[in-house]
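Trainee: What follows is a single structure, and I will ask about it in a moment.
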Amino acid sequence: MNRSHKLIVVVMVSVLMVTLAGAFMTRGVMAYLPFLQARRGSWTGAYVPSGVVDQRPWQTAATLAALAQSAEERKLAGDAERLADHEVDQAFSQSLRQASLAKPNRSGKALALQQRVIELQETVKKDETRVASLSAGAGTGTKPPNGLPNTTDLDIAKAQLALDQAELADSMEDLARESGDQRLTLQQELAARQAAMKRYRDNASKDDGQTAVASAEQYKTVAQQLLTWRSLRNRKELIAQAQQLAKADVAALTTDEEGLKAEAAGFEAKPAGESTSERIERLQRISAKQNVLSILHDRLGAQQLLVALYGRWGEQVELQQKIVIHLILESLALIAAIIIFVILGGWGLQLALERVVHDPRQKQTLKTVLNLGTQVVGLLLILLIIFGVPRQMPTILGLVTAGLTVVFQDFILAFCGWFVLMGPNGVRVRDWVEIDGVGGEVVQLGLFRTWLLETGNWTAHGHPTGRRVSFLNGYAIRGKYFNFSTVGQWMWDEIKVSVPPGTSIHPLLKGIYDATVKTTEVDAKMAEAEWKRVTHEEGSPQFSAMPSVNLRPAGAGVDIVIRYITRAGVRLETRNHLFAMIVDLMQGGSKENGNPAPLSSQMGLKG
């Protein structure tokens, strides 16, 4: 890995560690029963109810009922909801009775608030009497002495009544808060609960669902079965948590019952010198305590039933978990059978292939195809068992199209490239082309492939190598190719001649230049005409096709470099013709100088 890859790995590992630590620290926010957790700010870790009455039994049952899946679970969930609803109703009844028995604090500010409440109650009664009289007068059609319509006075009286009633309600809340009287708060909580229960019952579903076995059989794939098993395990833990909560409530209610019994027994003892009014008050309190004790006993029984019910619910979830485990084992057994079948099937096909095919190369190819085919079939079957068959046709078509596009992208480009090659700037059979650095003559042009007869590098020699090279036609779209047989078929060729010392250079240069001009004259005129047509210029083209002959210093003498224009198809013939002419000129110059040395020791020709 290079430095950037290492840096990316380090950054990603850091991000992974930070996110995992953050997810662990915030794991409690995903709890299904958040009201079972300790409230923020409670250093003791104990649950702090949001109101006067603890409504956790109903909240627990309603939350777990929403998670129930099978018909058996929903029946148990309905029973749990009824018991929890009854227990919370009894808790409100007990709290109201106990609040009525408590003596409120009537000292200091509470007395002033009580007097204010009394005054406001009298004011509200007067406002109600006035509204009733004005309403009766409006019904008879009489007019007041001032001549104003009755509806105006009636509206003013109703508005004053509403203001006085709102002030009375605020004063009563202030009095209850100051004196410690919780009856008003309990009534408000009870009204809110009754409204919430009405909405819950109106929105409750009447569908009982399927039985546990039928519900589990709909999970056909291993992925669904594993997700269901995890969901059942989490639900079992939640039910066990709710059962522990109910047990704790049973213990708390038992303690409250014993304390209430002892308190009631203390009221039954008749004190000395008790008056008649005190005796009546004591008997009334004893009766109220007995009623509270009866309600508390009822709540205790409901909580005990909830403990047993949560136990049966947990057993039902455990049974459903075993059913899902059974289905998972069946799926795993089927996957193992498929793997065995694929291995044995591939082995059997290879044995049959050994007897039928005798060519070693064909046999090896068929073995590879059979192994790959059986493995692909087995993998597809295993994927179907794990994830199932896609149910949406657009999804299937999208996946198939994407897969075919990835697999056959080269052939798709080759097919499209064939249309490009058929255009005016394409290639034809017998054209001289260069494709991806390989040059040669086109011998076959198909719908997907182009075949060349390789001829070697243009700057070296043009002899065929005997190799038949094929290219997918996609090179016409994404690759580079050059056609020497169409526009742009001209190429500059170069010949280098080494001249030994003592040779007359200038006559030789003039002879070589004249011979080169005469040999390439036709090609040069054709090239200039084509360049003119391509560049769309009037008059002479900017580029000249005339040959050039230059001198370059060499170690033993000088080199003559001849550059000329030629067609790609006749390049080899032109080169050989120029070689022959240059050799004749060199031999003629050597005889004139009286040099009998062999030609090979006097000069050298380089292409």
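The values are calculated or read from the model by the stated rules, or taken from the named source; none is laboratory data. If you're wondering where the values come from, they're calculated on a predicted model, not measured in any experiment. Heads up, the Cβs are rebuilt from the backbone with ideal geometry, glycines too, and the neighbour counts pull from every protein chain shown.
Trainee: May I ask you to say which residue of E454, E434, E441 is closer than 13 Å to Y475 by Cβ and surrounded by 14 or more Cβ atoms within 10 Å (Cβ to Cβ)?
Mentor: So the residue among E454, E434, E441 that is closer than 13 Å to Y475 by Cβ and surrounded by 14 or more Cβ atoms within 10 Å (Cβ to Cβ) is E434.
Trainee: Which of the following residues is in contact with a Ser or Thr (Cβ under 8 Å, 6 or more places away or on another chain) and either among the hydroxyl-bearing types (S, T, Y) or more than 28 Å from F92 (Cβ to Cβ) (or both): V342, V356, V317?
Mentor: So the residue among V342, V356, V317 that is in contact with a Ser or Thr (Cβ under 8 Å, 6 or more places away or on another chain) and either among the hydroxyl-bearing types (S, T, Y) or more than 28 Å from F92 (Cβ to Cβ) (or both) is V342.
Trainee: Looking at L309, L300, can you tell me which residue is assigned to a helix (DSSP H, G or I), under 22 Å from A71 (Cβ atoms) and in the same structural domain as A252 (by TED's automatic domain parsing)?
Mentor: After ruling out the rest, the residue left standing is L309.
Trainee: Does segment 496-518 hold any residues that are β-branched (V, I, T) and at pLDDT 85 or above, and which are they?
Mentor: I512, T516, V517
Trainee: Please go through segment 370-394 and give me each residue that is among the β-branched types (V, I, T) and under 25 Å from L344 (Cα atoms), ordered by number.
Mentor: Passing the criteria: T374, V376, V377, I382, I385, I386.
Trainee: Quick one: in segment 285-296, of everything that is surrounded by fewer than 16 Cβ atoms within 10 Å (Cβ to Cβ) and either touching a residue at least 40 places away in the same chain (Cβ under 8 Å) or outside any helix (DSSP H, G or I) (or both), which residue is farthest from the chain's Cα centre (by Cα)?
Mentor: Top of the filtered list is R285.
Trainee: In segment 54-72, is there at least one residue being modelled with pLDDT of 70 or more, of a type in the set (D, E) and part of a loop (DSSP other than H, G, I, E, B)?
Mentor: The answer is yes; a qualifying residue exists.
Trainee: Name the residues in segment 66-85 that are surrounded by fewer than 18 Cβ atoms within 10 Å (Cβ to Cβ) and in contact (Cβ under 8 Å) with a residue 12 or more places away in the chain, would you?
Mentor: Those that are surrounded by fewer than 18 Cβ atoms within 10 Å (Cβ to Cβ) and in contact (Cβ under 8 Å) with a residue 12 or more places away in the chain: L67, A71, R74, K75, G78, D79.
Trainee: Further question on the same structure: Consider segment 276-311. How many of its residues are in contact with a Leu (Cβ under 6 Å, 6 or more places away or on another chain) and farther than 27 Å from Q94 by Cβ?
Mentor: The qualifying residues number 0.
Trainee: Given segment 140-240, what helices (runs of 4 or more DSSP H) lie entirely inside it while holding 2 or more residues that are assigned by TED's automatic domain parsing to the domain that holds L76 and modelled with pLDDT of 80 or more?
Mentor: Helices (runs of 4 or more DSSP H) meeting the threshold: 150-179.
Trainee: If you scan segment 546-558, which residues turn out to be touching a Leu at 6+ places or on another chain (Cβ under 7 Å) and over 17 Å from H577 (Cα atoms)?
Mentor: V558
Trainee: Okay, moving on. I need the full set of residues from segment 416-432 which are modelled with pLDDT under 85 and on the phi < 0 side of the Ramachandran plot, in order please.
Mentor: Hits for segment 416-432 are G423, P424, N425, G426, D431, W432.
Trainee: Counting just the residues of segment 360-402 that are surrounded by 11 or more Cβ atoms within 10 Å (Cβ to Cβ) and among the basic types (K, R), which one comes out farthest from I340 (Cα to Cα)?
Mentor: Filtering first and then ranking leaves K363.
Trainee: In this structure, is K322 within 37 Å of the chain's Cα centre (by Cα) and basic (K, R)?
Mentor: Yes; evaluated as a whole, the condition is true for this residue.
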